[in-house]
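Asker: I'd like to ask some things about the structure below.
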Amino acid sequence: MTRIVDRLPRGRRALAWAGVLVGVAAALVALPPFGVRSPVVPTVIGLIALTVGIGSVIRGERRIGGYAIAAGVAGFAIGYLATRSSVDKLDAVVIWGALFASTLRFATPLLFAALGGLFSERSGVVNIGLEGMMLMGSFFSIWGADVTGSWPLGVLIGLTSGAAMGLIHAFFSITLRADQIVGGTAINFLALGITGYLFIRIYGEQGTPSEGLSTIPDLSLDFLYDIPPDRLGGFLGDALAGQDLFVWVGFALVFAVWIAVFKTPTGLRLRSVGEHPRAADTVGINVFLTRYGAVILSGVLASAGGVYLALGFVNSFEPNQTAGRGFIALAALIFGNWRPFGAAIACLLFGFSSALAKSLQEYSLSVSTLFEALPYVLTIIAVAGVIGRSTPPASVGKPYVKQ
């Protein structure tokens, strides 16, 4: 308990996090179940968060202070718009249990890909090809489940396709020392061409089968509805009771990856190869083998995101189904500073914006479209480093030449 308390933020960092929470509160006060109807309240709370964020940035806490500024602006905007909306429309859009359930579903494919990117980039290899690896996993898992009649075999085939793409990327990036950005882009186009061709060749205009397809099963947690009080039980039941197996696997992997990368000797070797490959080689670590393993594992995890998308989320496949999710996952990894918990939080943020966009279709199609674009806007912000600067592994993107 003492160690946990010692790790809590203090000083200007704690103040910046307080600004983030105040910004979130600016939005929540105007939403159900609170439902404040005066625009003055979210305006004042949002200004407080904005002031705290600006003060934190001035005092040197740029990253978290930037989050506080963004939270203050977003909280004010959402809170103000909520007070201008009718109560009936708010109640139709803001159903917290359903929103949280959708958030988990939208975040899960991003989470698998982001964790895959973490292994590759921690080893020193940039993986722009996450998008293509996801797409391969998506198509081949559907095809595998269709041919074999078994979703576990479909999952295995999808993961194998991702491993193959990871091996190709590793060969060009590590052995041939090609430009890793160009190589990753080539992986994306290769996957787009392969899956598009095979989809037309195998399924044609009728598309993938919608009936009789073996898909990832849901885990029945209906006992959550019985948790008192009824409001809490209802929320937990709506949010968690109908989630499928891969959602739970994805978030369990966050803890597993954190332990593997930051608490084991193997993880230390992986990080040393990404930070100082020459020093790692000097003490006997095989830099090439470590990077090969990391990039192949990256392909497996990224393809798992595509597998979930095809067999757990939409239960079908269509060309370019991933629609940029691999790039969003890479942005989540940058947002999270190449750490699993930070990446998971960023994936949940992107997932929430997508879930909210779907709910807002009942309110306004134009506003819904705006929120659907939010993950891509946040991707640009993350890559540009507008809200704080992330620190990548020192040798990421640099081919290693053994001497």
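Asker: Looking at F341, F352, F288, which one is out of contact with any Ser or Thr (no Cβ under 9 Å at 6 or more places or on another chain) and either of a type in the set (S, T, N, Q) or not in a loop (DSSP other than H, G, I, E, B) (or both)?
Answerer: Testing whether each residue is out of contact with any Ser or Thr (no Cβ under 9 Å at 6 or more places or on another chain) and either of a type in the set (S, T, N, Q) or not in a loop (DSSP other than H, G, I, E, B) (or both) leaves just F341.
Asker: Just one of G124, G116 is outside any helix (DSSP H, G or I) and touching a residue at least 40 places away in the same chain (Cβ under 8 Å); which is it?
Answerer: None of the others qualify; the one that does is G124.
Asker: Hey, can you tell me all the residues within the range 263-285 that are without any contact (Cβ under 8 Å) to a residue 60 or more places away in the chain and either in a helix (DSSP H, G or I) or crowded, with 24+ Cβ neighbours inside 10 Å (or both)?
Answerer: Within the range 263-285, P265, T266, G267, L268, R269, S272, A279, A280, T282 qualify.
Asker: Of all residues in the range 173-184, which are open to solvent by 50 Å² or more (accessible area, probe 1.4 Å) and assigned to a helix (DSSP H, G or I)?
Answerer: T175, I181, V182
Asker: Considering only residues that are open to solvent by less than 10 Å² (accessible area, probe 1.4 Å) and either charged (D, E, K, R) or over 26 Å from the mean Cα position of the chain (by Cα) (or both), which ones fall in the range 51-84?
Answerer: Those that are open to solvent by less than 10 Å² (accessible area, probe 1.4 Å) and either charged (D, E, K, R) or over 26 Å from the mean Cα position of the chain (by Cα) (or both): S56, A82, T83.
Asker: Return yes when G129 is in contact with a Gly (Cβ under 8 Å, 6 or more places away or on another chain), open to solvent by less than 10 Å² (accessible area, probe 1.4 Å) and over 24 Å from F255 (Cβ atoms) and no when it is not.
Answerer: Yes.
Asker: Quick check on the range 230-244. Is at least one of its residues open to solvent by 60 Å² or more (accessible area, probe 1.4 Å), of a type in the set (D, E), within 30 Å of P32 (Cα to Cα) and touching a strand residue (DSSP E or B) at 6+ places or on another chain (Cβ under 6 Å)?
Answerer: For the range 230-244, residues open to solvent by 60 Å² or more (accessible area, probe 1.4 Å), of a type in the set (D, E), within 30 Å of P32 (Cα to Cα) and touching a strand residue (DSSP E or B) at 6+ places or on another chain (Cβ under 6 Å): absent.
Asker: Is it the case that the range 293-313 has a residue that's open to solvent by 10 Å² or more (accessible area, probe 1.4 Å), of a type outside the set (K, R) and either in a loop (DSSP other than H, G, I, E, B) or farther than 30 Å from S150 by Cβ (or both)?
Answerer: no
Asker: Shifting gears a bit: Just the residues that are open to solvent by 20 Å² or more (accessible area, probe 1.4 Å) and touching a residue at least 40 places away in the same chain (Cβ under 8 Å), please, taken from the range 189-198.
Answerer: Across the range 189-198, the qualifying residues are F189, L190, L192, I194, L198.
Asker: Return the residue satisfying two criteria in turn: it lies in the range 61-106 and is modelled with pLDDT of 90 or more and touching a Phe, Trp or Tyr at 6+ places or on another chain (Cβ under 7 Å), and of such residues it is nearest to P32 (Cα to Cα).
Answerer: That would be T103.
Asker: Considering the range 314-332 alone, what residues qualify as being modelled with pLDDT of 90 or more, out of contact with any Cys (no Cβ under 9 Å at 6 or more places or on another chain), open to solvent by less than 50 Å² (accessible area, probe 1.4 Å) and part of a helix (DSSP H, G or I)?
Answerer: G326, L330
Asker: Now, a different point. Among (1) in a helix (DSSP H, G or I); (2) farther than 18 Å from S298 by Cβ; (3) open to solvent by 80 Å² or more (accessible area, probe 1.4 Å), there is one condition L167 misses while meeting the rest; what is its number?
Answerer: (2)
Asker: I'm trying to understand the selection: among the residues of the range 263-301, which are farther than 17 Å from L167 by Cβ, polar (S, T, N, Q) and over 27 Å from the mean Cα position of the chain (by Cα)?
Answerer: T282
The values are calculated or read from the model by the stated rules, or taken from the named source; none is laboratory data. Keep in mind that this is a model prediction, so the values were computed, not measured. Cβ coordinates were reconstructed from backbone atoms using ideal geometry, including for glycine residues, and neighbour counts include every protein chain displayed. All accessible areas refer to the heavy atoms of the entire protein, side chains included, with ligands and DNA or RNA removed. Shrake-Rupley method; radii C 1.70, N 1.55, O 1.52, S 1.80 Å.
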